[in-house]
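The values are calculated or read from the model by the stated rules, or taken from the named source; none is laboratory data. This is a predicted model, so every value here is computed, not measured. For neighbour counting, all protein chains shown are included, and Cβ atoms are generated from backbone atoms with ideal geometry for every residue, glycine included. Side chains included, ligands, DNA and RNA excluded: accessible areas come from the protein's heavy atoms. Shrake-Rupley method; radii C 1.70, N 1.55, O 1.52, S 1.80 Å.
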Amino acid sequence: MKNLKTQFALLFKATDPRYRPRPSVKEALRNPKILLREVLAGLVVALALIPEAISFSILAGVDPRVGLFSSFVMAITTSILGGRPAMISAATGAVALVIAPVARDYGLDYFLATVVLAGIFQLLLAAMGAAKLMRFIPRSVMIGFVNSLAILIFLAQLPHLLGVPLAVYFLVALGILVMVFMPKLTRVIPAPLVAIVLVTAIVLLTAIQVPRVGDEGELPQTLPELLIPDVPINLETFNIIAPYALAMALVGLLESLMTAKLVDEITDTHSHKTRESFAQGVGNVLSGIFGGMGGCAMIGQTMINVKASGARTRISTFLAGVFLLLLVVGLGDLVAQVPMAALVAVMVMVSVGTFNWHSILPKTLARMPKSETAVMLATVAVVVYSHNLAIGVIVGVVFAMVAFARRVAHFASVTRTVGGSGQTAAALYTVEGELFFASSNDLTTMFEYSEDPKNIVIDVTNSHFWDASTIAAIDSITEKYEGLGKSVYIRGMNEASKKLHTRLAGTFMNE
């Protein structure tokens with residue numbers, strides 16, 4: 001326990017210059033221009049969070065205030081503790097889908113207990129260094145992740161564009177035009193905020209009847225309260241909620257770390273993934289005990305904050321949470337009048353800006369290896385079909401692993417030469433390349449067992465043994481030659497291969 005506390009304490013010491021934010025919070029507070037940008041970005045994100053949080057609450061089968069309170073708690077917590085400045089965490093659809101069955105089958109208390117347990121699981125995963133697994137996610141999966149997110153963001157707007165008054169389309173088009181052309185004039189005020197204010201003003205002044213935020217669900221009128229889930233603390237409860245909690249923890253961490261990696265690339269900075277994992281865990285624990293549904297990083301709102309509004313510090317994330325609470329509790333009646341068309345316009349622009357258009361250009365596809373393109377398309381297809389980012393990324397990674405194994409397997413080669421005569425005749429097999437399960441399975445078929453002379457030399461100087469499958473193949477080759485009364489000598493093993501061979505040789509004989 002002492003080592004665990006020490007490990008978490010080190011997360012908040014800025015010892016590594018790679019994790020130093022640029023600009024820092026202090027620099028932003030001293031610079032009125034940067035501070036104004038951060039404040040306005042937080043306001044835009046807060047407005048965009050409201051309908052999303054309400055929608056995800058409905059998806060999870062709980063009251064809208066559960067999603068709104070969760071978004072407030074997650075945003076505040078991760079802004080203070082998180083390892084990726086300017087990233088927005090709140091209630092999300094991925095989390096809602098995973099834990100919705102708990103609310104439906106067992107009620108709100110079990111639902112909140114699941115959120116708390118998911119946070120605890122995330123703390124344990126952070127302590128075990130789960131964030132380091134991000135290095136194994138290939139670029140093709142990352143591009144698939146980004147493109148599928150853009151598609152999902154756009155698809156999520158379709159319900160607000162179908163079966164609506166004609167005026168909605170004009171308002172959405174107006175909002176998009178403002179966001180396209182305003183940055184060419186000035187970037188002092190975020191274009192999405194101007195679009196929201198302008199469209200809202202037009203609707204209120206002309207009294208046009210269009211769908212508004214208030215139509216999505218009732219906004220809370222009180223502050224969140226401490227709410228300990230009323231569930232029996234025993235093994236039966238754990239068995240009920242643990243599977244959902246673990247799934248939520250994994251989905252939340254994966255989506256958050258992928259989003260953090262994307263923001264790293266956009267801002268050309270580094271984030272502390274382990275610290276972010278820890279913050280996600282704390283945020284979900286607090287969310288559960290304050291009556292929230294938990295959550296993780298939100299790619300759409302993060303892109304609004306980072307790309308559309310230009311935010312770079314924790315101030316924007318913190319203020320997004322503060323503004324969210326002020327808007328829904330203090331100014332709920334006014335916020336309810338904001339037309340959905342304004343927010344749809346913002347999200348459509350976010351979708352267009354998020355998609356990696358370069359990845360689908362004909363010249364790009366012509367240059368890229370087909371396996372890389374296939375991995376990207378598989379990731380997109382699975383995410384869009386399942387609406388689950390975690391499943392899509394996992395499938396993409398597995399697909400990439402298989403493609404890589406197949407590609408590397410073809411690099412292994414065996415060359416046979418025969419020299420000498422009579423008793424001194426020998427067959428020399430030169431093995432080159434990486435030997436592992438994908439390449440070594442065919443190794444046994446590359447030898448001329450009956451045609452070879454009495455002496456066999458296998459030269460592996462330019463090869464490497466990686467796993468038990470390789471040792472099993474070598475054992476099988478040796479056994480076949482010895483069955484024919486021939487001797488086998490293996491030479492040129494490097495130190496690592498020799499250790500593996502010494503430890504496992506003979507283990508697979510006669511299997």
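Compute the normalised compactness of the chain: alpha-carbon radius of gyration over 2.2 N^0.38 Å, N being the residue count.
Values: Rg = 28.8 Å, N = 511, 2.2 N^0.38 = 23.5 Å.
Taking N as the residue count of the chain, the ratio is 1.22.
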D (Stokes-Einstein, µm²/s), Kirkwood Cα radius, the stretch 172-310, 0.692 mPa s at 37 °C = 174
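Using a probe of 1.4 angstrom, how much of the accessible area of the chain is carbon and sulfur, in percent?
Percent of accessible area from carbon and sulfur atoms in the chain: 65.
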Looking at the stretch 177-241, which trypsin sites (Lys or Arg not before Pro) are in a loop (DSSP not H, G, I, E or B) and have at most 13 other Cβ atoms within 10 Å?
-> 187
Assigning unit charges at the beta carbon (Lys, Arg +1; Asp, Glu -1) and nothing else, what dipole magnitude in debye, to the nearest 20, does the stretch 372-465 show about its Cα centre?
-> 200
Mind checking the alpha-carbon convex hull of the stretch 385-468 and giving the volume per residue in Å³?
-> 109
Could you pull the Rg and Dmax for the stretch 244-331, using just the Cα atoms, both in Å?
-> 13.8, 37
For the stretch 168-227 and the stretch 261-282, what is the separation of their Cα centres, given in Å?
-> 29
Cβ-Cβ cut-off under 10 Å around residue 313, Lys and Arg +1, Asp and Glu -1: the net charge is +3
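Assign unit charges at the C-beta atoms only (+1 for Lys and Arg, -1 for Asp and Glu), then state the dipole size of the chain relative to its Cα centre in Debye, rounded to the nearest 20.
On the way: 38 positive and 33 negative charges, 379 e Å.
Its charge dipole is roughly 1820 debye.
Count neighbours as other Cβ atoms within 10 Å of each site's Cβ, and list the trypsin sites (Lys or Arg not before Pro) in the stretch 442-506 that are DSSP loop with at most 14 such neighbours.
Of the trypsin sites (Lys or Arg not before Pro), not one in the loops of the stretch 442-506 has a Cβ with at most 14 other Cβ atoms within 10 Å.
For the stretch 287-409, divide the Cα radius of gyration by the Kirkwood radius and give the resulting Rg/Rh value with two decimals.
1.09
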When the Debye formula is applied to the Cα atoms of the stretch 108-253, each taken as the same point scatterer, what base-10 log of I(q)/I(0) results at q = 0.09, 0.18 Å⁻¹?
-> -0.57, -1.10
Theoretical ellipticity at 222 nm over the chain - DSSP helices of four or more residues, -39500 (n - 2.57) apiece, nearest 500 | -20000 deg cm²/dmol
Would you mind listing how long the stretch 361-418 runs along its three principal axes, going by Cα atoms, in whole Å with the largest first?
-> 59, 28, 10
Whole-number accessible area per residue in Å² for the chain, which is evaluated in the context of all protein chains at 1.4 Å = 47
Everything considered on the Cα gyration tensor (a ≥ b ≥ c; rounded for a/c under 1.5, else prolate if a/b is larger than b/c, else oblate), the stretch 92-178 must be described as oblate
If each of residue 80 and residue 496 carries a label point 7 Å out from its Cα toward its Cβ, how far apart are those two points in nm?
-> 4.5
Assuming 1.002 mPa s and 20 °C, estimate D for the stretch 158-237 with Stokes-Einstein, Rh taken as the Kirkwood radius over Cα pairs, in µm²/s.
-> 131
